[in-house]
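Structure record follows, encoded as structure tokens.
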Amino acid sequence: MSYLTDFFETHQVKTPTIHAEEVAKFTAAILEVSDYYLPYQNYSVLQNPFRKFPYYSAVNVDGTCFHKIKRDTIFEGSERWEKDARIPEEAQWGKALYNAKTYDFDKGHMAKREDVQWGNDVEAARLAAKSTFYYTNAIPQVSKLNRGVWKSIENYILHHEAVKNSMKICLFSGPAFREDDPEFLKTVNDEVVRLPYLFWKVVYYVKDNVLHRAGFLTSQKRILQKKRIVKPVSRSEGVRSADFNSFKDAETYQVDVSFIEKISQLTFEAAAETFQNNEPEKIILSRVNVRSSSNESVQLEEIVSNMNLKL
């Protein structure tokens, strides 16, 4: 079953809508947006055929029937990533990108494997987890981001909120496609690859019969440059992204969802927000460093209580 807009019994949460400028690109290419909306098990993806990465993933998470499954037991044999045969091969990056010689990044799941790992039984959960291994659900992310505090926030939302409290949540994740996205150092199949550096996440939940939402943002721009994964950015190109240069790599910020709408060119379902701040607020507090923590869940609990993340 794909992403459900009526997953909550009392409220609907529709998928984000892309702006008119993006729709015009589909029209000019004689394509239908709906053909690139791809349903999977417990989630869906809207693929951007022009950048060959997803605009977003839309996930339903049901903490009441989550199943814990080890990653190495999902496949009968070795782990396999595939292109989605429902859309043209040329509309999605694949093995050629991730096997490139200057490859130094992870296949960053947009729909987190564990988030969809629920169902009536373990086998249903396993098949859902397996369905996240499509290239349409991945974007290159450096390990410091993919396995760092961004992952910690994901794990907190899933395990310490949805599963622990038997909650349902709707979760959207994706990149902000920008004009100043840096170019991958090597061409792939003689094509230029521009790698997104800003990633966002919006979580919806119902509390006291009111629909709420919370937004998060992270960046990997400087790490891409430091690791020499992308071409150097000229000074003039850097000026265009001045608003985002204060974001430190692999650190996560809580932001108003309207801020995410501005940078992603997406429109999200309206909902109440506890976080009311026009400025992004860094989640890693000066007294708390999640990345070096030996007791991560306790420190995240503290972060959540201090940063208005409590669902």
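The values are calculated or read from the model by the stated rules, or taken from the named source; none is laboratory data. In this text, all values refer to a predicted model and were calculated from it rather than measured experimentally. Cβ placement follows ideal geometry from the backbone for every residue including glycine, while neighbour counts extend to all protein chains displayed.
Quick one: how many residues across the stretch 261-276 are surrounded by fewer than 19 Cβ atoms within 10 Å (Cβ to Cβ), assigned to a strand (DSSP E or B) and not hydroxyl-bearing (S, T, Y)?
Within the stretch 261-276, residues that are surrounded by fewer than 19 Cβ atoms within 10 Å (Cβ to Cβ), assigned to a strand (DSSP E or B) and not hydroxyl-bearing (S, T, Y) number 1.
Which condition number does L97 fail, the rest of (1) more than 13 Å from the chain's Cα centre (by Cα); (2) part of a helix (DSSP H, G or I); (3) surrounded by fewer than 23 Cβ atoms within 10 Å (Cβ to Cβ); (4) not polar (S, T, N, Q) being met?
Condition not satisfied by L97: (3).
Select from the stretch 235-260 the residues that are modelled with pLDDT of 60 or more and not in a helix (DSSP H, G or I) and list them in ascending order.
E251, T252, Y253, Q254, V255, D256
Going by the structure shown, is E21 loosely packed, with under 14 Cβ neighbours inside 10 Å, farther than 22 Å from L158 by Cα and touching a helix residue (DSSP H, G or I) at 6+ places or on another chain (Cβ under 7 Å)?
No.
Go over the candidates K144, K164, K101, K168 one by one and state the one that is farther than 22 Å from E261 by Cα and in contact with a Phe, Trp or Tyr (Cβ under 8 Å, 6 or more places away or on another chain).
Exactly one residue qualifies, and that residue is K168.
Which residue pairs have Cβ atoms closer than 8 Å, lie 6 or more positions apart in sequence or on different chains, and pair a first residue in the stretch 1-26 that is over 18 Å from F268 (Cβ atoms) with a second residue that is of a type in the set (G, A, S) and at pLDDT 95 or above?
If the second residue must be of a type in the set (G, A, S) and at pLDDT 95 or above, the pairs left are S2/S44.
Of all residues being in contact (Cβ under 8 Å) with a residue 12 or more places away in the chain and among the β-branched types (V, I, T) in the stretch 168-216, which is surrounded by the most Cβ atoms within 10 Å (Cβ to Cβ)? Just the residue, please.
For the stretch 168-216, the residue satisfying everything is V202.
I'd like to know if the stretch 279-299 contains one or more residues that are under 19 Å from the mean Cα position of the chain (by Cα), at pLDDT 85 or above and either surrounded by 14 or more Cβ atoms within 10 Å (Cβ to Cβ) or small (G, A, S) (or both).
no
Checking S34 against (1) in contact with a Lys or Arg (Cβ under 9 Å, 6 or more places away or on another chain); (2) exposed (fewer than 14 other Cβ atoms within 10 Å of the Cβ); (3) outside any loop (DSSP other than H, G, I, E, B), which test does it fail?
Just one mismatch for S34, condition (1).
Restricting to the stretch 60-89, give me the number of residues that are of a type in the set (D, E, K, R) and either in contact with a helix residue (DSSP H, G or I) (Cβ under 6 Å, 6 or more places away or on another chain) or within 26 Å of L46 (Cα to Cα) (or both).
Qualifying residue count, the stretch 60-89: 9.
Suppose the filter is in a helix (DSSP H, G or I) and either out of contact with any strand residue (DSSP E or B) (no Cβ under 7 Å at 6 or more places or on another chain) or free of Cβ contacts under 8 Å to residues at least 24 places away in the same chain (or both); does R126 pass it?
It is true that R126 is in a helix (DSSP H, G or I) and either out of contact with any strand residue (DSSP E or B) (no Cβ under 7 Å at 6 or more places or on another chain) or free of Cβ contacts under 8 Å to residues at least 24 places away in the same chain (or both).
Going residue by residue through the stretch 60-78, is there one that turns out to be buried (at least 19 other Cβ atoms within 10 Å of the Cβ) and of a type in the set (S, T, N, Q)?
Yes, the stretch 60-78 contains a residue that is buried (at least 19 other Cβ atoms within 10 Å of the Cβ) and of a type in the set (S, T, N, Q).
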